[in-house]
Amino acid sequence: MAPQENSLIPSFLYSSASSSSSSSSFDPLMRTNSGMTPMMTSSLTERLVIPAPKENIEMYSPAFYAACTVGGILSCGPTHTAVTPLDLVKCNMQIDPAKYKSVSSGFGVLLKEQGIKGFFRGWVPTLVGYSAQGACKYGFYEFFKKYYSDIAGPEYATKYKTLIYLAGSASAEVIADVALCPMEAVKVRVQTQPGFARGLSDGLPKFIKSEGAAGLYKGLVPLWGRQIPYTMMKFASFETIVEQMYKHVTPKPKDQCSSSLQLGVSFAGGYVAGVLCTVVSHPADNLVSFLNNAKGATAGDAVKQLGLWGLFTRGLPLRIAMIGTLTGTQWAIYDAFKVFVGLPTTGGAAPAPAPAPAKP
């Protein structure tokens, strides 16, 4: 399936898989050996031969964006939920470093005080919040990437592709964080204040009763400060890394690589991108945890208590391990789902520059 002919988005953003074709190789053999008529042969062949899968989602159609949205849900919600124990220790290390001095001791404290079940405290708001965020993040990224490419036109979209990745991902994350913020507020409160609530069902009404509905968005600006640079780095670096891997690492161009190899490239590119975006966004991550844990706290209180060094480094090694693996897995799941529904994987080698038009 090729992109729409009237699309201005550069072709390197997507490489379509090879088109499928139905087989009729049985027909001559069956006509020769059985004496069947062509009509009888055709009917029997349709029942015996399993047709190859066909790409039936038009690029940049509503169905395309719906598929990308579902892929975003599947890539973000379950993966963030799976690393809830690491996230729980990380949040508590940020809030109470005297008690949670290291990763190993943090798990020991949780096990002693709350048992095995305590490792997954807050998993429901995590699943709901990051599923909503993933839906908006990936779905709107695909939309804005196409939208900004059309505005720029094919020449400038190719020349300034990194700026389009950055603008598209930033625009998508502004929307995604509005969806995430209430669940993030409840999650942090449940995880860092034992006894506050069991989870989302009692934590959300208790949070609203305590701080009002507006309190759910108290951490929105710091969340934007954490997530927008994170997502810009996540998407732009991923696209760039994947392009370079297809150019210098894989033995063949992308359109000649198997689906499994392309998904391996997606995971590797996503892991490296995850490490980079973790470092960029970590100070804001500490700030979000601090503000959502303490009623009435301000950014100045966080800097005063944590210090600038602590703001940049507290919980960083654990978050690198967590987010690197998480981001790599997310890209692999997202692209695997795209392949499953008949869409090409994300990213690829840029085409050769178009020749300059001849002067009259």
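The values are calculated or read from the model by the stated rules, or taken from the named source; none is laboratory data. Bear in mind the structure is a predicted one, so any value in this text is a computation, not a measurement. When we count neighbours, we look across all protein chains shown, and the Cβ atoms used for this are built from the backbone with ideal geometry, even at glycine. Ligands, DNA and RNA are stripped out before the accessible areas are found, and what is left, the full protein with its side chains, is counted by its heavy atoms. Shrake-Rupley method; radii C 1.70, N 1.55, O 1.52, S 1.80 Å.
Descriptive notes on the structure:
- Carbon plus sulfur fraction of accessible area for segment 113-157, probe 1.4 Å, in percent: 72
- For the set PHE290, PHE340, the ranking by accessible area, highest first and with no ligand, DNA or RNA atoms included, is PHE340, PHE290 under a 1.4 Å probe.
- Entries of LYS112/LYS218; LYS187/LYS338; LYS234/LYS338 with Cα pairs more than 27 Å apart: LYS112/LYS218; LYS187/LYS338
- Entry comment: accessible area of segment 226-346 is 40 Å² per residue, from protein heavy atoms only and a probe of 1.4 Å.
- In a fully extended conformation the segment linking LEU111 and ASP150 would gain 8.7 nm over its present Cα-Cα distance, using 0.36 nm per residue.
- Loop-located trypsin sites (Lys or Arg not before Pro) across segment 259-338 with a Cβ neighbour count of 14 or fewer within 10 Å are LYS295, with loop assigned by DSSP.
- Estimated at 0.36 nm per residue, the fully extended path between VAL279 and VAL174 surpasses their Cα-Cα distance by 35.8 nm.
- Per residue, segment 57-217 exposes 41 Å² of solvent-accessible protein surface, assessed with a 1.4 angstrom probe and all protein chains in place.
- Of the trypsin sites (Lys or Arg not before Pro) in segment 183-258, those whose Cβ has at most 16 other Cβ within 10 Å and which sit in DSSP loop: ARG198
- Residues in segment 268-300 reached by a label modelled at TRP309 [backbone nitrogen below 12 Å; 7 Å Cα→Cβ]: none
- Cross-link partners of LYS159 among lysines (Cα-Cα below 18 Å; sequence separation of 8 or more within a chain): LYS145, LYS146, LYS247
- Here LYS304 is the anchor, and the lysines within straight C-alpha reach of less than 18 Å, apart from those fewer than 8 places off in the same chain, are LYS295.
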